[in-house]
Every structure is written in structure tokens, then in C-alpha cells.
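S.K.: Got a structure for you, questions after.
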Number of protein chains: 2
Amino acid sequence: MIYMDNAATSWPKPDSVYTNVLKTMKRYGANPGRSSHTMAVEAANILLYGREMLCQLFNVTDPFRMIFTYNTTDSLNLAIKGTLKKGDHVITTSMEHNSVIRPLMHLAEMEIETTIVSADSQGLLDPMDIEKSIRPNTRLIVTTHASNVTGSLMPIEEIGKIARNYGIYYLLDAAQTAGCLPIDLGKLPVDLVAMPGHKGLLGPQGTGVLYIREGVDLKQIREGGTGSQSESIYQPDFLPDRYESGTLNTPGIAGLGAGIEYILNKGQHKIMAHITNLEKLFVNAFSQMEGVKIYGPTNIKLRTGIISINIWDRDSREIVNILSQKYNIATRGSLHCSPLAHSTIGTKEQGTVRFSPGIYTTLEEVKACIKAVGEISRKIKIRSI
Amino acid sequence: MIYMDNAATSWPKPDSVYTNVLKTMKRYGANPGRSSHTMAVEAANILLYGREMLCQLFNVTDPFRMIFTYNTTDSLNLAIKGTLKKGDHVITTSMEHNSVIRPLMHLAEMEIETTIVSADSQGLLDPMDIEKSIRPNTRLIVTTHASNVTGSLMPIEEIGKIARNYGIYYLLDAAQTAGCLPIDLGKLPVDLVAMPGHKGLLGPQGTGVLYIREGVDLKQIREGGTGSQSESIYQPDFLPDRYESGTLNTPGIAGLGAGIEYILNKGQHKIMAHITNLEKLFVNAFSQMEGVKIYGPTNIKLRTGIISINIWDRDSREIVNILSQKYNIATRGSLHCSPLAHSTIGTKEQGTVRFSPGIYTTLEEVKACIKAVGEISRKIKIRSI
């Protein structure tokens with residue numbers, strides 16, 4: 001099978017990820033932070049290893065500012081609900097995933113108002129439109145780093161500077177970029193970063209991260225046992241315990257640590273260059289192909305790792321099925337959980353067929369995809385599909 | 001190492017758990033429910049497999065009433081916060097874990113009042129005390145099934161009947177019993193059951209479950225992408241999607257399914273009999289040992305799988321360290337995240353040393369533990385430790 005669905009979950013993982021998950025379950029299978037016996041201490045060390053790997057990759061000094069969560073959605077819910085209160089105003093964009101939009105729509109019930117700033121038809125955003133939407137009660141700006149539909153990159157540095165100028169928190173949804181693009185949290189003016197463990201960071205599913213910058217006033221959304229201050233019936237107020245209740249996914253975090261270590265060893269720029277090369281091939285081929293419409297920025301520098309297309313007027317789900325059944329190519333169709341992004345680029349009905357190559361994708365696989373799409377397009381033209 | 005910390009996390013797991021986790025990561029590594037390509041469909045089938053195993057073990061017909069969560073704490077937060085609103089009253093017990101007490105204490109800020117009904121010094125509860133605490137605005141009763149400190153069993157059938165009579169929801173925290181004791185949800189009058197995947201159900205960490213009985217009015221606490229109704233910016237209202245946002249821990253759930261399948265194949269009564277036998281050995285030996293105080297019910301039928309002790313007046317953490325370093329025995333000390341339970345049994349200062357055998361614990365291991373405790377007790381008496 002040719003796997004082109006890395007934007008949903010990266011696959012396969014480096015061998016060390018599998019090994020570390022298994023080793024942790026078999027050898028360090030105790031509950032981290034809940035006792036002082038040897039295996040419990042070893043399990044606690046695995047959490048620290050995961051945090052330290054994150055700190056190295058994202059240039060963060062305090063490992064306890066890296067909070068482990070269930071997934072990016074969990075991180076985003078924590079960041080959004082933990083910062084906002086009744087009467088607050090939020091600014092977000094029309095390129096967001098439902099993991100941002102749905103919590104915000106839910107908060108409308110609590111008199112928290114959202115302004116959705118529109119991107120253009122390439123999925124690109126003018127940071128000035130963010131600034132123009134700021135009100136006296138704006139407490140939070142939330143944007144994705146790169147759209148999961150078009151791959152278009154958001155002007156996050158500019159948005160971050162605007163947020164800083166106005167004393168507004170900036171939450172970055174790095175679902176499509178963490179691990180894939182360099183993110184230097186020592187420099188980037190963002191306050192909160194939500195990321196998945198199982199995409200660009202190459203860890204297993206069931207792992208998410210929220211980075212919380214010092215000084216951010218964030219309520220927890222989940223209380224429970226933390227293995228700390230056990231004499232107290234109140235949630236502890238220190239990091240990471242305040243935000244990490246209940247038993248964490250220790251084997252998953254061991255795998256995540258190994259995934260990040262792989263990236264650090266291999267060199268993030270090398271991985272990036274590989275994906276960009278494959279992306280260029282896709283973009284160049286699809287741009288010139290009859291019957292194929294490619295979405296997102298035409299300028300390759302403004303996009304990353306995601307290639308969304310449609311073939312003639314066919315429903316994207318139909319094409320995904322043909323690619324899977326006839327060519328053994330795994331892509332994703334339909335609306336990618338981002339309805340507003342599809343409205344923005346005009347694909348709310350058709351959806352898009354999304355190709356997302358990964359670190360293990362080869363040149364040959366990309367060529368096979370391009371060939372398949374060409375074939376399908378020609379067959380549709382002569383009505384033989 | 002002799003592992004006696006199964007109440008924190010069961011270890012080791014059946015081989016099929018390791019195999020299934022690994023196979024899922026390697027072969028079915030796609031994102032479940034997010035596309036129609038072959039591997040995504042296979043990943044979706046794994047979730048269904050996990051749900052079906054749960055349904056078999058707990059006698060539930062609709063697999064979509066089994067909601068996958070991050071851990072028991074996540075399940076409890078969902079159940080508690082999803083049912084309660086401003087002005088409601090909740091009844092709980094003095095034997096609860098902080099995963100119940102801390103969310104309730106947090107909700108006090110929202111004018112949700114909690115009555116904590118006291119158990120006796122053996123950790124046993126009189127269901128009449130629950131009934132006496134009911135008020136017109138009581139919406140929820142939450143109790144553990146078995147205390148994680150004393151192993152004392154709560155009178156859950158009686159409490160359930162009381163809840164039914166008054167039209168109050170009953171949430172059961174099955175953290176210490178799911179998988180260990182038969183729980184027939186076809187008969188038991190409970191409305192919500194929170195359970196860990198990684199304890200008695202023998203799955204990996206990073207897995208939790210919430211059972212939601214039909215008719216329970218439960219708000220979600222996390223919104224996001226569900227792979228369903230992607231055209232909508234609002235959370236879907238059907239199960240399981242309403243409560244399962246973001247990418248689930250598919251490998252973990254594969255392991256959980258294998259853990260439950262192991263229990264089903266082995267026979268839950270056989271596993272129970274094994275643990276009860278070991279427990280009896282512990283209870284009989286510790287009850288007669290000089291300098292050793294054993295907590296919880298003296299009647300073995302009123303307790304399950306957990307043996308908490310203290311040796312003379314020594315801090316439980318000191319004993320845990322001696323057991324770990326000198327005897328290579330893994331136990332848990334201190335307050336077990338249940339401060340009220342320790343107040344109830346009078347161990348708020350000392351904590352308790354907790355032994356929790358598991359399915360793979362052998363008779364010889366229990367004997368070695370008993371011998372070690374005897375030795376430590378004698379040495380403390382003659383002041384040689």
C-alpha cells in the first residue's frame with residue numbers, strides 16, 4: 001500500500017518508536033509518579049524523557065511546561081476553555097479544524113463571542129484582518145499553523161506580534177506542523193501550542209501535548225489524582241500536575257520520545273527538505289494535469305506537506321475509493337473536519353482528495369500517485385469510470 | 001521483582017495485549033473513522049472490537065454506549081461535569097479517590113454542592129446514610145465500587161436502587177473492580193460507569209471507558225473533530241462521536257480489547273478465585289502478625305484485591321522503600337490519592353502500605369511478601385531498622 005494520509009496519522013513510525021512502546025509496557029509497566037518502587041520510578045523517568053525530547057526540539061528550557069494530553073483536541077480544549085471566561089472575545093480564522101471551531105461554538109452558549117477572520121481562496125490569511133478584529137474584550141487569538149485542507153501556512157510570527165502588542169494570548173494549533181517545521185518557542189511570540197504526538201512527531205496515537213508559556217493564566221479542565229499533594233482534596237496548582245490528572249499514556253509517551261529523538265538525530269531540516277521535494281513534484285504535476293484542480297497557495301513557500309485536489313467534478317470520496325481499491329493508495333477525501341476551510345476554498349460540496357506524504361514516502365510512491373491521478377482523470381474524461 | 005501494585009496498573013499484561021498493540025501500530029496504523037481507505041477502515045474496526053469486548057464482559061447490547069476516554073479520571077470528569085449544572089446537589093462518600101473528590105470540589109465554585117457520606121473505620125458504607133442525604137435538588141450519586149485504600153466493597157446494588165427510586169443518576173467508579181469483579185450492566189441499577197483500561201481489564205495505560213446508559217442526559221466536555229458530520233461546526237449529538245473527539249488511542253484500544261478477550265477466555269470467576277485466594281493468605285497472615293495493622297473489612301466477602309497495612313508506627317513510605325530496595329517488592333505507600341479515605345480509617349499521617357496482587361501473582365510471591373513484612377516488623381521491634 002502507498003500511504004498518503006500522514007496528515008491524519010504518520011505511518012509507519014521509526015522502529016525505535018515500536019521498540020520503546022513495547023519495552024515500556026513490558027519492562028516499565030508501572031504507574032509513573034504513584035509510588036517510589038523501582039519500576040514506578042522508571043515509568044516516571046519515561047515521562048521526563050518525553051518532556052526533555054520536546055524541550056530539545058522546540059527550544060524550551062522548562063520541561064514541566066510541556067503538558068501531556070490525550071490528543072491535540074484535548075490540548076485545544078484545555079487551552080481554549082482554560083483561558084476564556086464569560087464575556088470574553090476570541091479571534092480565529094476560516095481555516096481552522098473543528099477541534100478549534102467546535103469548542104468555540106460551544107462556548108457561545110457561555111456568552112463567549114468568536115470572530116472568524118476569512119482567509120482568501122488559496123487559504124492565505126492577512127494578519128491585518130486579525131488586528132482589525134481586536135476588541136477591548138479580546139482575550140485569545142487561535143490559529144492553525146498550517147491548514148489541514150490546503151497546507152497553507154499562516155503568518156504566525158506577525159499574528160504573534162500583534163497578540164503581544166495588545167496583550168492578548170495567542171494559541172497555535174500545530175497539528176500539521178509540530179515535528180514537520182522548525183518551531184522555536186524560545187523566539188516565536190506564541191503563548192500556547194497544541195500538538196499531536198502521532199503526526200509529525202512520529203509518536204503513537206493517544207498522545208498530545210500542550211505547551212504553556214510562563215505567565216499564562218490557565219485553568220485546568222480536568223481534576224483528579226496526580227500522585228502529588230495526595231493529602232489535599234483540591235487540584236494542585238503547579239505544573240505539570242495541575243493539567244495532568246489520572247494515569248498518563250506512559251507507553252505512548254515513550255514512543256513519542258523515541259519519535260522526537262529520531263527527528264533530532266536525523267535532523268529536522270533534512271526531513272523537511274525531503275517532504276518539500278515530494279510536495280513540489282505533486283504540485284508541479286497536478287498543476288499541469290487536465291481535469292485536476294489543486295488547492296492552496298501556488299507559491300510553494302507558503303504551503304507545507306499537504307496536497308489537496310479534485311478531479312473534474314467528481315465527489316472526492318469517490319476518487320479516494322478508486323485510489324484505495326484500484327491503486328492501493330491511501331488518501332483522505334470529504335471535508336477533513338474543517339467545514340469553514342472548505343467554504344473558503346469553495347469545496348464544501350465536493351470535498352478534496354488529500355495527499356499527505358511522510359518521512360518514509362519515496363519518490364516512486366509519489367510518481368505512482370501522480371500516474372494514478374492522471375489515469376483516473378483521463379478515464380473520467382472519456383467516461384470510462 | 002515481585003509486583004504488588006496492580007491497583008495502580010496491572011502488570012504484566014497477557015502476551016496478546018503486547019502483540020495487539022504492536023500489530024495495530026505496525027499494520028493498522030491509520031486514523032480510524034477519518035477516511036475510507038483500507039487501513040483507516042481496519043483501524044476503525046479495532047475500535048469496534050474494543051467496544052464489543054467491553055459489551056460482552058459487562059453484558060451491554062449497544063457498543064456505542066461504551067465511550068473511549070483517556071483514563072478513568074477523564075471518564076469521571078465527563079460523567080460528573082456532563083450531568084451537573086449550577087444549583088445541583090451531589091452525594092458521594094468518604095472513600096472516594098481524588099478523581100471524584102477533586103472535580104466535585106472544583107464544581108463548588110459553580111454552586112454545585114456536595115455531601116460526603118462517611119464510611120465506618122473499616123471503610124464500609126451504610127446505604128441508608130446515602131438515602132438520608134438526598135435533597136430535592138440531588139441530581140447525582142457517585143461512589144466507588146471498591147476503595148483503592150482498603151479494598152472495601154460499597155453496597156452498590158442498594159445505592160443503585162435508592163438512586164432509581166428517587167430518579168437520581170448513579171455514577172459508579174469501577175477503577176478497582178472493572179475486569180476483577182463481575183459487573184452485569186444488564187441488571188445493575190447504575191447509569192454511568194467509569195473504568196480504567198489499564199488495571200483489571202489488562203489493557204495498556206492511556207485507555208479509559210465511560211459506559212452511558214440510554215436516557216442519561218449527558219453534555220460532552222470536549223468538542224472537536226469526530227470524522228462525522230464534518231460539514232457542521234457543531235458537535236454531533238449521537239454516540240459515541242459526541243463524547244469522542246480527536247484521534248483515539250487506537251493501539252491502546254487494540255490492547256484493551258485483547259486484555260478483555262483474555263479475561264473472557266480465561267473466565268472471570270477463575271481469575272477472581274485466584275485473587276481472592278491470595279488475598280485470604282495476606283489477610284490471614286497480616287491479621288496475626290505482631291506490629292502489623294491491617295485495614296479494611298475483617299469479613300473477606302466485603303473486600304477485594306487490596307491489602308493495606310502499616311507496620312508499627314513507621315511511615316508507610318519508609319516501608320515501601322525498604323520493601324523495594326531490600327526485597328525487590330513493588331508496593332505503594334503514602335495516601336493513594338484518597339485523603340478522605342485515610343481520614344476515615346485513621347491513616348492520614350502514616351498512609352498505608354498497599355499490596356495489590358494481580359492475575360499473574362503466584363502463591364510463592366505472596367509468601368515472600370508475608371515473610372518480608374514479618375522480618376521488617378521484627379527488625380523494627382528490636383530497632384535494627
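S.K.: Quick one: which residue in A:Gln325, A:Gln268 is at pLDDT 95 or above, facing chain B (nearest Cβ under 10 Å) and surrounded by fewer than 24 Cβ atoms within 10 Å (Cβ to Cβ)? Let's see the steps before the verdict.
M.R.: Numbers: A:Gln268 fails: facing chain B (nearest Cβ under 10 Å).
After applying the criteria, what remains is A:Gln325.
S.K.: Determine which member of the set A:Thr347, A:Thr352 is at pLDDT 95 or above and in contact with a strand residue (DSSP E or B) (Cβ under 6 Å, 6 or more places away or on another chain).
M.R.: A:Thr352
S.K.: Do you know which residues across segment A:208-249 are of a type in the set (Phe, Trp, Tyr) and either touching a Leu at 6+ places or on another chain (Cβ under 7 Å) or under 25 Å from B:Ala194 (Cα atoms) (or both)?
M.R.: Across segment A:208-249, the qualifying residues are A:Tyr211, A:Tyr234, A:Tyr243.
S.K.: Next question. Does segment B:11-21 hold any residues that are in contact (Cβ under 8 Å) with a residue 40 or more places away in the chain and either assigned to a helix (DSSP H, G or I) or at positive phi (or both), and which are they?
M.R.: As a first pass, look at segment B:11-21 and keep what is in contact (Cβ under 8 Å) with a residue 40 or more places away in the chain: B:11-14, B:16-21.
Correct list: B:Ser16, B:Val17, B:Tyr18, B:Thr19, B:Asn20, B:Val21.
S.K.: Pairs, please: C-beta under 6 Å, at least 6 apart or cross-chain, first residue assigned by TED's automatic domain parsing to the domain that holds B:Gly305 and in segment B:269-281, second part of a helix (DSSP H, G or I) and buried (at least 18 other Cβ atoms within 10 Å of the Cβ)?
M.R.: B:Leu278/B:Val366; B:Leu281/B:Val366
S.K.: Among the residues of segment B:106-116, are any modelled with pLDDT of 95 or more, buried (at least 19 other Cβ atoms within 10 Å of the Cβ), touching a strand residue (DSSP E or B) at 6+ places or on another chain (Cβ under 9 Å) and closer than 16 Å to B:Leu210 by Cα?
M.R.: no
S.K.: So which residues in segment A:200-226 are more than 7 Å from chain B (Cβ to nearest Cβ), among the small types (Gly, Ala, Ser) and either buried (at least 24 other Cβ atoms within 10 Å of the Cβ) or under 29 Å from A:Met272 (Cβ atoms) (or both)?
M.R.: A:Gly200, A:Gly203, A:Gly208, listed by residue number.
S.K.: Test each condition in (1) closer than 25 Å to A:Ala119 by Cα; (2) charged (D, E, K, R); (3) outside any helix (DSSP H, G or I) for A:Lys301 and report the one that comes out false.
M.R.: Failed condition: (3).
S.K.: Taking segment A:72-117 on its own, how many of its residues are aliphatic (A, V, I, L, M), in contact with a Ser or Thr (Cβ under 9 Å, 6 or more places away or on another chain) and touching a residue at least 40 places away in the same chain (Cβ under 8 Å)?
M.R.: Qualifying residue count, segment A:72-117: 8.
S.K.: Output the residue which, of all residues in segment B:328-338 that are of a type outside the set (A, V, I, L, M, F, W, C) and touching a residue at least 60 places away in the same chain (Cβ under 8 Å), is surrounded by the most Cβ atoms within 10 Å (Cβ to Cβ).
M.R.: B:Thr331
Residue-wise test of (1) farther than 30 Å from A:Glu231 by Cβ; (2) at pLDDT below 95; (3) touching a His at 6+ places or on another chain (Cβ under 7 Å).
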site: B:Gly227; (1), (2), (3): yes, yes, no
site: B:Lys280; (1), (2), (3): yes, no, no
site: B:Arg317; (1), (2), (3): no, no, no
site: B:Ala330; (1), (2), (3): no, no, yes
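S.K.: Looking only at segment B:117-146, filter to residues that are of a type in the set (A, V, I, L, M) and part of a loop (DSSP other than H, G, I, E, B); which one of those is surrounded by the most Cβ atoms within 10 Å (Cβ to Cβ)?
M.R.: Among those residues, the one meeting the criterion is B:Leu125.
S.K.: One residue is enough: does segment B:53-66 have a residue meeting the conditions at pLDDT 95 or above, in a helix (DSSP H, G or I) and within 12 Å of chain A (Cβ to nearest Cβ)?
M.R.: The answer is no; no qualifying residue exists.
S.K.: Now, a different point. Which is in contact (Cβ under 8 Å) with a residue 12 or more places away in the chain, touching a helix residue (DSSP H, G or I) at 6+ places or on another chain (Cβ under 8 Å) and either charged (D, E, K, R) or within 14 Å of chain A (Cβ to nearest Cβ) (or both), of B:Ala372, B:Ala341, B:Ala368, B:Ala285?
M.R.: Criteria check complete, one pass: B:Ala372.
For (1) hydroxyl-bearing (Ser, Thr, Tyr); (2) at pLDDT 95 or above; (3) over 16 Å from A:Met1 (Cα atoms); (4) crowded, with 21+ Cβ neighbours inside 10 Å, each residue gets a yes or a no:
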residue: A:Ser356; (1), (2), (3), (4): yes, yes, no, yes
residue: A:Ile359; (1), (2), (3), (4): no, yes, no, yes
residue: A:Ile376; (1), (2), (3), (4): no, yes, yes, yes
residue: A:Ile380; (1), (2), (3), (4): no, yes, yes, no
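S.K.: Can you name the residue in segment B:279-298 that is surrounded by fewer than 19 Cβ atoms within 10 Å (Cβ to Cβ) and not in a loop (DSSP other than H, G, I, E, B) and, of all such residues, is nearest to the chain's Cα centre (by Cα)?
M.R.: B:Lys280
S.K.: Only one of A:Ala44, A:Ala40, A:Ala30, A:Ala8 is hydrophobic (A, V, I, L, M, F, W, C), in contact with a Pro (Cβ under 9 Å, 6 or more places away or on another chain) and either facing chain B (nearest Cβ under 8 Å) or on the phi > 0 side of the Ramachandran plot (or both). Can you tell me which?
M.R.: A:Ala40 is the lone residue from the list that is hydrophobic (A, V, I, L, M, F, W, C), in contact with a Pro (Cβ under 9 Å, 6 or more places away or on another chain) and either facing chain B (nearest Cβ under 8 Å) or on the phi > 0 side of the Ramachandran plot (or both).
S.K.: Go through segment B:237-254 and give me each residue that's buried (at least 19 other Cβ atoms within 10 Å of the Cβ) and either part of a loop (DSSP other than H, G, I, E, B) or facing another protein chain (nearest Cβ under 8 Å) (or both).
M.R.: Hits for segment B:237-254 are B:Pro240, B:Glu244, B:Ser245, B:Gly246, B:Thr247, B:Leu248, B:Asn249, B:Thr250, B:Pro251, B:Gly252.
The values are calculated or read from the model by the stated rules, or taken from the named source; none is laboratory data. Keep in mind the model is a prediction, meaning the values are calculated, not measured. Cβ sites come from the backbone with ideal geometry, for glycine too, and all protein chains shown count toward neighbours.
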